[in-house]
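Each remark here refers to the structure printed beneath this line.
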Amino acid sequence: VGGTTIWNGLMWTRCPASDFDEWEAMGNPGWGYQSMLKNFLKVENVSIPELRDSPYHSTTGPVGVQYPFRTQISDVFMNAGREFGYDWVDYNNPKTPTGFSRTQISARNGRRVDAATAYLLPIKNRQNLHVLKNAFVNRVIIDENTKTATGVEFVKNENTRVVSAKKEVILSAGTFNTPKLLMLSGIGPAEHLKSNGIKVIQDSPAVGQNLQEHISPLTVVTINSSISYNIRKLAPIIMPAFREWVSNGEGILSSNVAEVIGYVKTDPSLSKPDIEMIFSPVSIAADDGILLRRYFGISEETYETTFAPINQRESFTICPLGMYPKSKGEIRLNSSNPVDPPVIITNFLKEPEDVKNMVDAQKLVQKILETESMKKIGARLYDKPVLGCEEFEFGTDEYFECSVRTITMQFHHQCCTARMGPNPEDSVVSPRLRVHGVKNLRVVDASVMPKIPGAHTMSVTYAIAENAADIIKEDWNNEL
């Protein structure tokens, strides 16, 4: 319970105001920046002193927002950003979307705030709220004659059961499983459904299409100063650090390991930043290849060949995320068996513009390492070639292209596979989040985004949910 907010990186970012205005211009009234700002303010409870009085922040919402623990190296990151030509800003202020800042995270008193603790826990005793755990949904039940959603079929304790809806079914299964459930329920591209033996109730070609995600090359920086962090440094202090965190929510264990963000442009003429730089005081070698390499999807062979040589060295990470990828993937069914996971086709780097963006991003990393702040700690891009790219000269465009095609990290910001829009041919839900062609069925999750925002998707998904709540109440009040 709580979805991905219980294990993500806690990063609280919104994106430039123009992203939401673009959503609205695509035929989605009520989804522009001014509308979404109201929803962000409903969600947020900021405890950062300099932001508490800002009209772009709130202190009354259920989700706490604060700065994480700051290690010594985060000051180096911030100063390097200023030398690089970027101000220190509040990146969630629409007037300053470009610049460097300490990371705002979804936490209170050094502890994660997730959707369950923020929204469900305070109302868990309501008589009209029932949360059924350990239940696996098979499909939405839809009356074929009226094309009306009437309930949900699910399995619990190996028994198949049905729960009926008095008013409507709201699907919030996420970017991967929402399109999967729609297709299992007979809503999706007709030929694909037929090929899996599923009766077509509503031919909806956009279901599962438009998959988008933020990606980044893995960029490791070595230094000659002992201000980065690794497993050897943490081992002797872990128990005192744990006691400090338990006692007052402070110290190294209140860090989200991504202490500084910089929103920058690969081209100064761009209207908004196209790269988010995440600065972390640890690198993939911080735990000698035990866990981090698996999190980043790095094979043991690649790690041992490329990164193991810096197991004993001081190093940190800069992850330059491409904010507006052109490449789009899709979600398809494996079969008509609900237990089978969906087929996820990412298509990362399919479009040449995305490859160029990632190459340019790595060049920006090189430039920021040339600042005096970085030079003082001996910062250098780790130059051992990635396994498979040895034939290219390190630092050239050809090498950067090879390295990003070899090691690309995704950041769990998947979205847009049941996109909203006015046209049933290229969207799945209406601006009121109703599934096109089916009555009493809505989708409320990250899949409804028409286009990926230039931000981590958690706060945006919270705001979508708040907007959806108002829409649903308004629609049903109008029908009473």
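The values are calculated or read from the model by the stated rules, or taken from the named source; none is laboratory data. Remember, it's a predicted structure, so these values are computed and weren't measured experimentally. For neighbour counting, all protein chains shown are included, and Cβ atoms are generated from backbone atoms with ideal geometry for every residue, glycine included.
Out of all the residues in segment 452-480, which are closer than 21 Å to F20 by Cα and assigned to a loop (DSSP other than H, G, I, E, B)?
If we filter segment 452-480 for residues that are closer than 21 Å to F20 by Cα, which is where we start, we get 452-472.
Passing the criteria: I452, P453, G454, A455, H456.
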*How do the pairs read when you match residues in segment 149-165 that are in the same structural domain as K439 (by TED's automatic domain parsing) with residues anywhere that are at pLDDT 95 or above and of a type in the set (K, R), using Cβ under 7 Å and keeping only pairs 6 or more apart or on different chains?*
A149/K439; E153/R139; F154/R161
*Does at least one position in segment 433-453 carry a residue that is farther than 16 Å from L211 by Cβ and hydroxyl-bearing (S, T, Y)?*
no
_Of all residues being of a type in the set (S, T, N, Q) and buried (at least 19 other Cβ atoms within 10 Å of the Cβ) in segment 79-109, which is farthest from G251 (Cα to Cα)? Just the residue, please._
N92
_If the requirement is being of a type outside the set (S, T, N, Q), in contact with a Gly (Cβ under 9 Å, 6 or more places away or on another chain) and either surrounded by fewer than 17 Cβ atoms within 10 Å (Cβ to Cβ) or within 16 Å of V220 (Cα to Cα) (or both), which of these qualifies: Y295, Y324, Y303?_
Y303
_Just the residues that are assigned to a strand (DSSP E or B) and either out of contact with any strand residue (DSSP E or B) (no Cβ under 9 Å at 6 or more places or on another chain) or over 24 Å from A25 (Cβ atoms) (or both), please, taken from segment 395-446._
T408, M409, Q410, K439, L441
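Whether any residue in segment 231-245 is outside any loop (DSSP other than H, G, I, E, B) and under 27 Å from the mean Cα position of the chain (by Cα) is what I want to check. Break it down stepwise before answering.
Within segment 231-245, the first condition is being outside any loop (DSSP other than H, G, I, E, B), and the residues that meet it are 231-245.
This time we only want the ones that are under 27 Å from the mean Cα position of the chain (by Cα), so: 231, 245.
So far as segment 231-245 goes, yes, one or more of its residues are outside any loop (DSSP other than H, G, I, E, B) and under 27 Å from the mean Cα position of the chain (by Cα).
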*List every residue pair whose Cβ atoms lie under 8 Å apart, where the two residues are 6 or more positions apart in sequence or sit on different chains, the first residue falls within segment 386-411 and is under 20 Å from C319 (Cβ atoms), and the second residue, located anywhere, is acidic (D, E) and surrounded by 15 or more Cβ atoms within 10 Å (Cβ to Cβ).*
Q410/E213; F411/E213
*Any idea how many residues of segment 69-93 are at pLDDT 95 or above and over 19 Å from E372 (Cα atoms)?*
5
*asked:* Just the residues that are over 22 Å from the mean Cα position of the chain (by Cα), in a loop (DSSP other than H, G, I, E, B) and surrounded by fewer than 19 Cβ atoms within 10 Å (Cβ to Cβ), please, taken from segment 347-374.
replied: E370, T371
*Of the numbered conditions (1) farther than 21 Å from T406 by Cβ; (2) modelled with pLDDT under 95, I331 satisfies every one except a single condition; which is it?*
(2)
*Going through segment 388-408 one residue at a time, which ones are within 20 Å of G297 (Cα to Cα) and surrounded by fewer than 18 Cβ atoms within 10 Å (Cβ to Cβ)?*
G388, R405, T406
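Take the residues in segment 171-215 that are of a type in the set (S, T, Y) and either in the same structural domain as S403 (by TED's automatic domain parsing) or out of contact with any Cys (no Cβ under 9 Å at 6 or more places or on another chain) (or both); name whichever of them is surrounded by the fewest Cβ atoms within 10 Å (Cβ to Cβ).
If we filter segment 171-215 for residues that are of a type in the set (S, T, Y), which is where we start, we get 172, 175, 178, 185, 195, 204.
Next cut, either in the same structural domain as S403 (by TED's automatic domain parsing) or out of contact with any Cys (no Cβ under 9 Å at 6 or more places or on another chain) (or both) only: 172, 178, 185, 195, 204.
Values: S172: 17, T178: 25, S185: 27, S195: 12, S204: 28.
Of everything passing the filter in segment 171-215, S195 is surrounded by the fewest Cβ atoms within 10 Å (Cβ to Cβ).
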